[in-house]
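To start, the structure itself, in structure tokens.
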Amino acid sequence: ETKQRSYMPIQIGTKLDHSFNNPIGLLTDCHRRIKRFLMMMITVMRQTHGGPLQTSQQTALELALRYFREAAPKHALDEEATLFPRMRPLCVMDNSIKSLNHLEIEHEIADENHQTVEQLSKKWLLEGELCFEDTCELSAALGRLSVLYKKHIHVEEGIIFPLASKILSPAQVKEVGREMAMRRNIDPAMLTNLS
């Protein structure tokens with residue numbers, strides 16, 4: 001008999017450890033969510049192998065899909081449209097600029113895999129189970145995302161974010177936080193802990 005794991009409900013708009021006044025910290029908080037939601041999907045796949053879903057598994061899968069559909073793209077834009085452009089003119093080492101460019105390529109690769117996950121998971125939820133081929137494809141896409149995010153987050157948190165904290169002025173950091181807030185339709189004049 002397979003023991004089913006219960007999932008703690010995660011609200012996409014719940015408070016994180018950091019606020020938009022500390023946007024670098026907030027980006028790190030988002031990484032924790034990415035890892036947690038991805039692990040939820042991987043766990044459901046390992047438990048069911050594409051078979052029928054129990055209520056808790058269906059809820060976990062739907063919640064993770066919603067996060068990667070709605071919140072994760074904003075996180076990518078926080079980096080590509082807000083943080084990285086402010087860093088590039090201040091990066092004096094070619095390796096740093098190459099890292100930023102590579103991270104953006106990895107965002108594209110992640111997006112392609114998320115499209116596969118979204119398509120097959122919606123089919124799973126609609127039909128109740130997946131055929132063997134679809135199960136293998138979904139499992140492979142989740143595996144690729146797991147490997148990619150592990151390396152991607154390691155580079156960002158180990159190199160890029162500390163570099164940003166060092167080279168960006170307080171005014172630039174404030175601008176990053178304001179843009180991130182506006183991307184979520186939050187009045188930047190009333191910065192909160194919401195993501």
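The values are calculated or read from the model by the stated rules, or taken from the named source; none is laboratory data. The structure displayed is predicted, hence computed values, not measured ones. All Cβ positions, glycine included, derive from the backbone under ideal geometry; neighbour counts span all protein chains shown. In case anyone asks, the SASA skips ligands and DNA or RNA and just uses the protein heavy atoms, side chains included. Shrake-Rupley method; radii C 1.70, N 1.55, O 1.52, S 1.80 Å.
Points to keep in mind about this one:
- Above-threshold pairs, the threshold being 32 Å between Cα atoms, out of 122/151; 123/174; 98/123; 74/98: 123/174; 98/123
- Extension gain (nm, one decimal) between residue 151 and residue 122, 0.36 nm per residue minus Cα-Cα: 7.7 nm
- Residues with amide H under 5 Å from that of residue 49, placed H, sequence gap 5 or more: none
- Carbon and sulfur %, accessible surface of the chain computed with the full protein complex present, 1.4 Å: 55 percent
- For region 114-195, the equivalent ellipsoid derived from the alpha-carbon gyration tensor has semi-axes of 37, 20, 7 Å in decreasing order.
- The residues packed around residue 153, meaning those with a beta-carbon under 13 Å from its beta-carbon, carry a net charge of +1 if Lys and Arg are +1 and Asp and Glu are -1.
- In the chain, helical runs assigned H by DSSP with n ≥ 4 each contribute -39500 (n - 2.57); averaged across all residues and rounded to the nearest 500, the mean residue ellipticity at 222 nm is -21500 deg cm²/dmol.
- Equivalent ellipsoid, the chain (semi-axes from 5 times Cα gyration tensor eigenvalues, Å): 33, 19, 13
- Computed FRET value (nearest 0.05) for residue 80 with residue 129, which takes r as the C-beta separation and R₀ as 45 Å: 0.75
- Surface accessible to a 1.4 Å probe, per residue, for the residues of the chain, Å²: 55 Å²
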